[in-house]
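Scroll down for the structure; my scribbles are underneath it.
The values are calculated or read from the model by the stated rules, or taken from the named source; none is laboratory data. Since we're looking at a predicted model, the values are computed, not measured. Here Cβ is always computed from backbone atoms with ideal geometry, including for glycine, and neighbour counts include all displayed protein chains. Protein only, heavy atoms only, side chains kept; ligands, DNA and RNA dropped before computing areas. Shrake-Rupley method; radii C 1.70, N 1.55, O 1.52, S 1.80 Å.
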Amino acid sequence: MDIKQFVLGKAKEAKEGARSLAKASSKQKNIALIKMAGALKDRAGDIISENKKDIEYAEKKGLSKALIDRLTLNEKRIDEMSQGLVEVAQLPDPVGEITRMWQRPNGMTVGRMRVPIGVIGIIYEARPNVTADATSLCLKAGNAVILRGGSEAINSNRAIVNILRDTAKAEGIHEGAITFIDISEREAVMEMLKLEGIIDLIIPRGGEGLIRTVTENSRIPVLKHYKGVCHVFVDRDADLIMAEEICFNAKVQRPGTCNAMETMLVDEAIAEGFLPKMLKRFEEAGVELRGCPKTISIYPDINEVKEGDFYNEYLDLILNVKVVKDMEDAMDHIAKYSSAHSDAIVTMNYDRAMRFLKEVDSSAVLVNASTRLNDGFQFGLGAEIGISTDKIHARGPMGLEELTCTKFIVFGSGQLRE
């Protein structure tokens with residue numbers, strides 16, 4: 001197989017799909033999404049059967065339990081994928097929205113209109129639910145999508161894409177609107193990254209290595225879903241019962257996600273009263289604890305945290321614990337080690353909460369809430385295509401608006417440039 005020509009052919013098909021999809025009405029897109037949601041549920045058995053092949057392959061490769069969890073599909077997760085499509089269908093269509101208009105002294109009216117970006121390439125690992133999420137959001141925002149999942153999920157992704165593509169085609173959506181690179185060779189990714197002028201945007205979702213590879217090799221603009229080194233700071237004025245529940249949820253509820261807490265920072269003023277019960281609960285849940293010297297003096301017999309650990313996105317039941325002098329010390333730590341993804345404070349002190357919101361420079365900053373809530377669905381955006389840690393164009397969970405750009409529109413009555 002000539003991989004270069006194979007990928008080019010897929011991309012050209014997507015370009016045709018994007019031109020066709022830009023003309024689709026909101027009603028047509030919504031009906032297609034709802035029918036696609038129903039088809040996923042109707043054919044859940046087929047998806048689970050293909051997913052089992054991927055799980056067996058992952059186990060043979062020795063992938064971690066956390067990664068296998070991200071890979072696994074069951075009826076509940078397929079129902080969630082289906083519901084995500086329905087919710088996207090129910091959201092307002094951003095395409096064609098005029099965000100602002102103003103009149104110039106010469107009588108000319110200038111405005112901005114939301115339009116699709118065009119062809120979006122999604123390069124992702126492990127989580128096959130991304131296939132449905134990315135497709136629904138791109139389609140609703142008028143974009144064609146080129147999906148390139150990891151080799152570990154190729155059977156699951158192929159099954160999902162075939163269902164979505166067949167259903168969309170039956171509703172009059174051009175086949176190229178949902179395009180899948182169904183080969184596992186790494187060269188296919190490298191060829192995608194060269195297709196400037198055909199693919200308009202690349203969004204990588206996966207580990208740090210994947211994102212660095214894509215960023216360093218792409219000729220196309222890249223919107224990075226970077227790693228999540230997330231923190232929760234328990235302030236001296238925290239409700240400690242609330243803090244315990246938030247920290248436990250942030251680490252244990254689903255540790256293999258990018259918005260799971262990797263470091264817990266605790267104000268020294270309440271450390272002795274908070275840490276023993278909290279850390280015992282973590283240990284009972286199977287969390288491996290790595291503590292600073294002050295933490296170990298309060299709760300002995302845990303491993304000492306090393307400097308490099310604070311940069312780690314574990315995606316597993318491993319947690320760094322550090323006692324800090326105060327909020328200032330906590331914010332200094334976050335500024336140094338955070339990946340600017342999700343950081344939270346637990347406090348009943350309004351002034352410190354507001355300072356934390358203003359001064360912590362992350363895509364989402366939370367007060368008295370778990371970092372696990374930094375998510376497009378939880379924020380009311382419907383499904384998300386990723387959580388951007390960039391600052392240009394989109395930041396935080398990327399929903400429909402973030403998958404459009406704006407163009408200037410002008411209404412004149414014969415005005416000329418003098």
**Report entry** segment 8-90: trypsin sites (Lys or Arg not before Pro) in DSSP loop, at most 13 other beta carbons within 10 Å
**Finding:** LYS23
Report task. Please compute the net charge surrounding VAL234, taking Lys and Arg as +1 and Asp and Glu as -1 over other residues with Cβ under 14 Å from its Cβ. Result -> -3
Report task. Starting from the Cα gyration tensor of segment 5-47, take the square roots of the eigenvalues, sort them a ≥ b ≥ c, and report rounded, prolate or oblate (rounded when a/c is under 1.5, otherwise prolate if a/b is larger than b/c, else oblate). Result -> oblate
Report task. Determine the percent antiparallel among the DSSP beta bridges restricted to the chain, to the nearest 5. Result -> 25 percent
Query raised in the report: Can you give the FRET efficiency for GLU171 and LYS12, using 1/(1 + (r/R0)^6), R0 = 22 Å, r = Cβ-Cβ distance, to the nearest 0.05?
Result: 0.45
Query - Length gained when the stretch ARG104-GLU304 is fully extended (0.36 nm per residue, less Cα-Cα span) - result: 65.5 nm
Report summary line: trypsin sites (Lys or Arg not before Pro) in segment 382-418 lying in a DSSP loop, each with at most 11 other Cβ atoms within 10 Å of its Cβ, come to LYS391, ARG417
Query raised in the report: Pick from LEU91, LEU33, LEU73: which residue has the top mean-square fluctuation in a GNM of the chain where Cα pairs under 10 Å get a spring?
Result: LEU91
Requested in this report: Counting residues in segment 177-334 as N, plug N into 2.2 N^0.38 Å and put the Cα Rg over that result.
Outcome: 1.32
Report task. Divide by every residue of the chain the summed helix terms, -39500 (n - 2.57) for each DSSP H run of at least 4, and state the resulting mean residue ellipticity at 222 nm, rounded to the nearest 500 deg cm²/dmol. Result -> -13500 deg cm²/dmol
Query - Nearest-ten-degree value, helix 129-140 long axis tilted from longest Cα axis of the chain - result: 50 degrees
Query raised in the report: Contour minus end-to-end for LYS76 and GLN415, with contour as 0.36 nm per residue of separation and end-to-end as the Cα-Cα distance?
Result: 116.1 nm
Query raised in the report: Tell me, how many Å apart are the Cα centres for segment 1-36 and for segment 184-259?
Result: 26 Å
**Report entry** Where ILE123, ILE241 fall by accessible area, highest first, once all protein chains stay in place (1.4 Å)
**Finding:** ILE241, ILE123
Requested in this report: With N denoting the number of residues in the chain, provide Rg(C-alpha) divided by 2.2 N^0.38 Å, to two decimal places.
Outcome: 1.07
